[in-house]
Amino acid sequence: MIEGVRAMIRDGRLVAGARLPVEKDLAASLAVSRGSLREGVRALVALGILETRQGDGTYVTSLEPHRVLGSVNVLADLPASAHDVHLAAVRRALEVEAVGLAAARASEAQLERMAHVLTEVEAVLARDSSPSEGDGGVDGDGDGDGIAERRVEAAVAADSEFHRLVAEASGNAPLAALIDHLVGQTFRARVWRGLNEAGATGLAHAEHRAILAALVAHNPERARLRMGGHLAGVEEYLEQHPGH
C-alpha cells in the first residue's frame, strides 16, 4: 500500500495538498484490504507524507523536505548515545555528496556568504582570547571558563552555518534538509571537543578554509576529499568520547 501511494505521488496522480480517494475506492485501486490500507496510511502520516483531517479525510502534505524528514529531526534531538557515531557516518556520506554538487553549482553569492561566515569565525576566535583561554587550554577560573565556552559555542554555531550553506548550494533541498538535521545532532559534542582538545577549533576552521578553496575552484573531487577528511575527525572523536 505504501509503495502504491508513493507511486501515485511520483507519477502525478496525487499531488501536494490533494485529498486521497475514499477508503473503499483507494483499497480497490491498490488491491489491498481496508485493514492494510489503514496501516499504510498511519505509516505515511508518521513519515510526514500524509495527514489526516478530522471529519474531512486524508490528504497529501505539502511534501516540503523539513516536514517529510521530521522523523530524522526527532532522532537528531534524542540524548547522546551509541547511535551518534552511526549518524555521524551518515552525515559524512551525505555531506561528501553535497559538497561535490556544491562545487559544480555554487553561485558567487553563495560562495561569498560562506567566506563571510568563516571570517566571522576568525573574529570569534580572536575575541577575548588570552593564553589561559586558548582552544582546549581553559584555566580553572569560572569567568575564564565561561568566556572560553561562549567563544567555542559561537565558533561551532558558525561552523554549523557554513555546513548549512554548503548543503544549500548543492541545489538538492531534501539532501540539504537531512544534513541540517544531522549537523545539529553533533553540536554539543563539537563544543565539548573545542573546549577539551587543544587546537580542535582552529583545526576545524583551517579545514573549512580548505573546503571553501575547493568550492571556489569548482573542483568537486577535491571538495569531496576535503569534506570527507574534515568529518572523519568528528566521527573519530565521537567514537573515542561516546556520550559527548
| Where the centroid of each part is defined by its Cα atoms, how far is the range 195-244 from the range 106-123 in Å? | 16
| Once a ≥ b ≥ c are taken as the square roots of the eigenvalues of the Cα gyration tensor of the range 1-57, is the result rounded (a/c under 1.5), prolate (a/b larger than b/c) or oblate (a/b not larger than b/c)? | rounded
| request: Quote the FRET efficiency, to the nearest 0.05, computed for Ala123 versus Ala89 with a Förster distance R0 of 45 Å and r equal to the Cβ-Cβ distance. | output: 0.90
| remark: Sparse-neighbourhood loop hits (GluC sites (Glu not before Pro), the range 174-244; DSSP loop; Cβ within 10 Å at most 16 others) -> Glu197
| message | If each residue of separation counts as 0.36 nm, what is the full-extension length gain between Glu149 and Glu64 once their alpha-carbon separation is subtracted? | response | 27.0 nm
| said: Per residue of the range 228-235, what does 6.51 cos²θ - 1.76 cosθ + 1.60 with θ = phi - 60° give for ³J(HN,Hα)? Whole Hz please, x for Gly and Pro, Karplus curve as stated. | reply: x, x, 4, 6, 4, x, 4, 4
| remark: Counting only residues 5 or more apart in sequence or on a different chain, those whose built amide H sits under 5 Å from that of Glu197 are Gly136
| query | With the Cα gyration tensor of the range 150-223 giving a ≥ b ≥ c as the square roots of its eigenvalues, does the rule (a/c under 1.5 for rounded; else a/b larger than b/c for prolate; else oblate) give rounded, prolate or oblate? | reply | oblate
| message | Which residues among the range 175-218 fall inside the zone where the amide N is under 12 Å from a point 7 Å beyond the Cα of Glu112, along Cα→Cβ? | response | none
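FYI, it's all coordinate maths here, none of it is from the lab. Quick caveat, the model's predicted, so the values are computed rather than measured. All Cβ positions, glycine included, derive from the backbone under ideal geometry; neighbour counts span all protein chains shown.
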